[in-house]
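What follows is a short report on a single structure.
The values are calculated or read from the model by the stated rules, or taken from the named source; none is laboratory data. Since we're looking at a predicted model, the values are computed, not measured. In this analysis, Cβ positions are derived from the backbone assuming ideal geometry, glycine residues included, and neighbour counts consider all displayed protein chains. Each accessible area value is taken on the protein alone, full model and side chains, heavy atoms only, with ligands, DNA and RNA left out. Shrake-Rupley method; radii C 1.70, N 1.55, O 1.52, S 1.80 Å.
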Amino acid sequence: LAPTPRDGAPAISFAQQRLWFLDQWQPGSPQYNIAAAVRLTGPLDRGALEASLRAVVQRHEALRTTFTARDGKPVAQITDSVDFDLRYLELSDLPPDTREPEWKRLASEEARRPFDLASGPLLRAMVLQLANDAHVVVVVMHHIASDGWSIGILNRELATHYSAFVASRPCPLPPLPLQYADFADWQRRWL
């Protein structure tokens, strides 16, 4: 397993090919969305959180990849950057007993919103403010770009970036030696 050149369309894994096919078969289905919600207590630096999300997306090519069809087959395209907005919803004006069910309803609604694999981005995030010192961060990704195991990596890297940005320090994470497209290329050649 080694880095592969990014000239031309990168290889896609068999799992990505299967998920692309399923999306073609049932377009607009949220069945393969992966959602996570994290409750944060204490003050929130919105700028640092948004910068952290952008840094994680920039760090992982899979989160900057879209999938189109060429001659009826899926083709991956990795973009240099992804422009996405971190949505903020203020719920602290609601009566206290309705905030919990409302953020859960909104998170569930966001988790069911489909992705467009051809245009991306394949990651969405929003912050629900429940009080000055209480927030819920909801992240939704398509399974073609992530999996359940990767949620833990995303959370750790997001926390590392956030801590660094809040303290005005550079992020201590080293560049990734391999990306998912490198694995997909290896998988195709090996099998």
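What's the number of the only condition in (1) closer than 24 Å to Gly8 by Cβ; (2) in contact with a Pro (Cβ under 8 Å, 6 or more places away or on another chain) that Asp133 fails to meet?
Of (1) closer than 24 Å to Gly8 by Cβ; (2) in contact with a Pro (Cβ under 8 Å, 6 or more places away or on another chain), only one is false for Asp133: (1).
Go through (1) surrounded by 19 or more Cβ atoms within 10 Å (Cβ to Cβ); (2) aliphatic (A, V, I, L, M); (3) in contact with a strand residue (DSSP E or B) (Cβ under 7 Å, 6 or more places away or on another chain) one by one and return the number of the condition Ile151 breaks.
All conditions pass for Ile151, except number (1).
How about the range 109-121: which of its residues are at pLDDT below 95 and crowded, with 19+ Cβ neighbours inside 10 Å? Spell out the reasoning first.
From the range 109-121, those at pLDDT below 95 are 119-121; that's our starting set.
Once the filter is applied, which keeps residues that are at pLDDT below 95 and crowded, with 19+ Cβ neighbours inside 10 Å, the range 109-121 yields Gly120, Pro121.
Look at Ala2 and say whether it is out of contact with any strand residue (DSSP E or B) (no Cβ under 7 Å at 6 or more places or on another chain) and loosely packed, with under 13 Cβ neighbours inside 10 Å. Reasoning before the result, please.
Working: out of contact with any strand residue (DSSP E or B) (no Cβ under 7 Å at 6 or more places or on another chain): yes; loosely packed, with under 13 Cβ neighbours inside 10 Å: yes.
Against the criterion (out of contact with any strand residue (DSSP E or B) (no Cβ under 7 Å at 6 or more places or on another chain) and loosely packed, with under 13 Cβ neighbours inside 10 Å), Ala2 qualifies.
So, in the range 39-91, exactly how many residues are farther than 22 Å from His161 by Cβ and either open to solvent by less than 30 Å² (accessible area, probe 1.4 Å) or of a type outside the set (Gly, Ala, Ser) (or both)? Write out each step before concluding.
Just the residues of the range 39-91 that are farther than 22 Å from His161 by Cβ, to begin with: 66-77, 89-91.
When the remaining residues are screened for being either open to solvent by less than 30 Å² (accessible area, probe 1.4 Å) or of a type outside the set (Gly, Ala, Ser) (or both), the result is 66-68, 70-71, 73-77, 89-91.
Within the range 39-91, residues that are farther than 22 Å from His161 by Cβ and either open to solvent by less than 30 Å² (accessible area, probe 1.4 Å) or of a type outside the set (Gly, Ala, Ser) (or both) number 13.
Within the range 130-148, count every residue that is over 20 Å from the mean Cα position of the chain (by Cα) and buried (at least 18 other Cβ atoms within 10 Å of the Cβ).
Going through the range 130-148 one residue at a time, the tally reaches 1.
Regarding the range 12-21, can at least one residue be identified that is touching a Ser or Thr at 6+ places or on another chain (Cβ under 8 Å), open to solvent by less than 60 Å² (accessible area, probe 1.4 Å) and assigned to a helix (DSSP H, G or I)?
No, there is no match, as no residue in the range 12-21 is touching a Ser or Thr at 6+ places or on another chain (Cβ under 8 Å), open to solvent by less than 60 Å² (accessible area, probe 1.4 Å) and assigned to a helix (DSSP H, G or I).
Please specify each residue of the range 26-53 satisfying the condition of being hydroxyl-bearing (Ser, Thr, Tyr) and in contact with a Ser or Thr (Cβ under 9 Å, 6 or more places away or on another chain). Full working, then the answer.
At the first step, the residues of the range 26-53 found to be hydroxyl-bearing (Ser, Thr, Tyr) are 29, 32, 41, 52.
Passing the criteria: only Ser52.
Mind checking which residues of the range 22-38 are in contact with a His (Cβ under 8 Å, 6 or more places away or on another chain) and either surrounded by fewer than 13 Cβ atoms within 10 Å (Cβ to Cβ) or under 13 Å from Val139 (Cβ atoms) (or both)?
Of the residues in the range 22-38, the ones in contact with a His (Cβ under 8 Å, 6 or more places away or on another chain) are 32-34.
Of everything in the range 22-38, those that are in contact with a His (Cβ under 8 Å, 6 or more places away or on another chain) and either surrounded by fewer than 13 Cβ atoms within 10 Å (Cβ to Cβ) or under 13 Å from Val139 (Cβ atoms) (or both) turn out to be Asn33, Ile34.
Which of (1) farther than 20 Å from Tyr180 by Cα; (2) open to solvent by 70 Å² or more (accessible area, probe 1.4 Å) does Leu94 not meet, given it meets every other one?
With respect to (1) farther than 20 Å from Tyr180 by Cα; (2) open to solvent by 70 Å² or more (accessible area, probe 1.4 Å), Leu94 is out only on (2).
Taking only the range 156-191 into account, find how many residues are open to solvent by less than 60 Å² (accessible area, probe 1.4 Å) and more than 23 Å from Gln77 (Cα to Cα).
10
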